Amino acid sequence: MKAVIAMDSFKGSISSIEAGNAVSEGIRRVFPDADTIIKPVADGGEGTVEALVSGMNGQLCEAEVSNPLGKPITAKYGVLPDNTAVIEMAAASGLTLIPLFVDAPMHTTTYGTGELILDAIKRGCRNFIIGIGGSATNDGGIGCLQALGFGMLDDKGQQVGFGAKGLMQLVRITDDNVIPELKECRFHVACDVTNPLCGENGCSAVFAPQKGAKAEMIPIMDGYLRNYAELTKKYNAAASPDTAGAGAAGGLGFALMYYLGAEFESGIDLMIRETKLEAAIKDADIVVTGEGCLDSQTAMGKAPVGIARIAKKYGKPVIAFSGAVKSGAELCNQNGIDAYFPVLRTVSTLEQAMDRTNAYRNLVDTAEQVFRTIKLFSK
């Protein structure tokens, strides 16, 4: 038997690779000679660096950068064997790095994300994978651009301040001091957000309230971003605030698109490409996937369904394991997952269920029993 195992992490519990190892162990209890191929899985958000670094024998690097309020912190990013840098913007500019406070988006910056990119460039990286989920910002990505040498200038020719209030001061954009190596770089952005930069579905209206913005600030920040988009057209005539994904990460998507020429794709599609998962699935007998919780959101395009889509392209059976199953999970059966199995084996508290040792053992034991059933029908 050749089984391709592509498990997303059970967030807060076991990593993607640990989950894959657990399934492999359960399969080998039943089929000792099974060829189990474990592939890392993440959707571009939290866990992307860990999944790719651990699954592709990369290394973790550290850099001293600015947090969303400009305070110094140490952030990690990954470098893969081919010298591709893997960065989660949330490591430097994420919502979890600061306490939530009123009007935070007026002050929070993506400057630290730019510093991570800059550090990787200094290490010789020229190819980048960037996950842009979990931001604390609504600055249109100008902080990130400032860190790379772009001039985001006020009426006195000085760099504007951090956050959305910096956008308020913005009157001119220059690239005179951009680091020259940036022209050699290619950026691939993992992003499942399709919101535009501005308007009723833009980042200010949809996401800024979750980051501390008061209702009266939403139209004001939206106006700042519209002005920024107009100024950007003088730098890049193709720039449009209406482009899908431009509103991701408080407008960082817009900056990456039109200043760095980034290519956007869904997190799971990027992961499938980078790990060469499709080639492995093509030759598999069975595909195993899963995540911490299966529900209706899974069926709307999260990692397990993305993997199942590839498997069905080649007519492969797909089973999924999860820590929990909620209402709507049955939709997964309509989206390529032939059967799914929760791994919790006894009544327990949430803390007990998410304990690393318990979760690993439960996954091993459940995988064993499922593959014992498969063995009955494979004789």
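The values are calculated or read from the model by the stated rules, or taken from the named source; none is laboratory data. Since this is a predicted model, take the numbers as computed values, not measurements. Glycine gets a Cβ as well: all are built from the backbone with ideal geometry, and neighbour counts include every protein chain shown. Note: accessible area is taken over every heavy atom of the protein model, side chains too, but ligands, DNA and RNA are not part of it. Shrake-Rupley method; radii C 1.70, N 1.55, O 1.52, S 1.80 Å.
Simple point charges give the picture: +1 on the Cβ of Lys and Arg, -1 on the Cβ of Asp and Glu, and for the range 109-184 a dipole about the Cα centre of about 80 debye. Can you tell me, using C-alpha contacts under 8 Å and at least 6 residues apart, the relative contact order of the range 164-275 as a whole percent? Over the range 164-275, the number comes to 38 percent.
For the chain, the calculated P(r) over all alpha carbon pairs, in 20 Å bins from 0 to the bin holding the longest distance, is 29, 51, 19, 1 percent. Quick one: plug the Kirkwood hydrodynamic radius of the range 112-162 (C-alpha pairs) into Stokes-Einstein at 20 °C, 1.002 mPa s, and report D in µm²/s. In µm²/s, the coefficient rounds to 175.
Per-atom-type breakdown for the range 104-196 gives carbon and sulfur 46% of the accessible area (1.4 Å probe, protein chains only).
When the solvent-accessible area of the range 303-379 is split by element, carbon and sulfur atoms take up 54 percent of it, the probe being 1.4 Å.
Any lysines with Cα under 19 Å of the Lys312 Cα? List them, leaving off those in the same chain fewer than 8 positions away. Within reach: Lys2, Lys39, Lys276, Lys282, Lys302.
For the range 109-218, the number of Lys pairs with C-alpha atoms closer than 21 Å, counting only pairs eight or more positions apart or on separate chains, is 4.
Computed packing ranks the peptides 67-77, 36-46 as 36-46, 67-77, most packed first, by mean other Cβ atoms within 10 Å. Summed over qualifying helices (DSSP H, 4 residues or more, each -39500 (n - 2.57)) and divided by its residue number, the chain shows a 222 nm mean residue ellipticity of -10500 deg cm²/dmol. Suppose a student asked you for the relative contact order of the chain, using Cα pairs under 8 Å spaced at least 6 residues apart; what percent would you report? So the answer I get is 18 percent.
Computed as a quarter of the hull surface, the mean projected area of the alpha carbon convex hull for the range 1-97 stands at 7.0 nm². In the range 295-353, taking the dipole from charged Cβ atoms about the Cα centre, the farthest positive-side position among Ala329, Ile310, Thr349 is held by Ile310. Which listed residue (Leu260, Met168, Thr243) has the Cα farthest towards the positive end of the charge dipole for the range 157-311, taking +1 on Lys and Arg C-beta and -1 on Asp and Glu C-beta about the Cα centre? Result: Met168, furthest along the dipole toward the positive end.
About its Cα centre, the dipole of the chain is roughly 640 debye, where the only charges are +1 on Lys and Arg Cβ and -1 on Asp and Glu Cβ.
Note on the chain: GNM, Cα springs under 10 Å; of Asp155, Asp365, Asp269, the largest mean-square fluctuation is that of Asp155. Need one word for the range 178-298: rounded, prolate or oblate. Basis is the Cα gyration tensor (sqrt eigenvalues a ≥ b ≥ c); a/c below 1.5 gives rounded, then a/b vs b/c decides. The shape class here is oblate. The heavy atoms of Arg356 offer some 120 square angstrom of accessible surface to a 1.4 angstrom probe. Annotation: Met168 carries an accessible surface of approximately 110 Å², with a 1.4 Å probe and no ligand, DNA or RNA atoms counted. Ordering Gly45, Ala85, Val102 by the projection of their Cα atoms onto the charge dipole of the range 1-160, which places +1 on the Cβ of Lys and Arg and -1 on the Cβ of Asp and Glu, puts Ala85 at the extreme positive end. What shape does the range 127-246 have by the C-alpha gyration tensor, where a ≥ b ≥ c are the square roots of the eigenvalues, rounded means a/c under 1.5, and otherwise prolate means a/b greater than b/c and oblate the rest? Oblate shape, in that a/c is at least 1.5 and b/c is the bigger or equal ratio.
Computed 3J(HN,Hα) for the range 82-88, one whole-Hz value per residue from the Karplus formula 6.51 cos²θ - 1.76 cosθ + 1.60 where θ = phi - 60°, is 8, 6, 7, 8, 10, 10, 9, glycine and proline marked x. Its relative contact order, with pairs defined as Cα atoms under 8 Å and 6+ residues apart, puts the range 109-242 at 25 percent. From the square roots a ≥ b ≥ c of the eigenvalues of the alpha-carbon gyration tensor of the range 242-299, which class results: rounded (a/c under 1.5), prolate (a/b over b/c), or oblate? Oblate, since a/c reaches 1.5 and b/c is not below a/b. Each peptide in 332-344, 247-259, 194-206 was scored by the mean count of other Cβ atoms within 10 Å over its residues; highest first, the order is 247-259, 194-206, 332-344. Fully extending the segment from Arg372 to Ala238, taken as 0.36 nm per residue of separation minus the present Cα-Cα distance, adds 42.5 nm.
Magnitude of the charge dipole for the range 302-379, about its Cα centre and with charges confined to Cβ atoms of Lys, Arg (+1) and Asp, Glu (-1), is about 380 debye.
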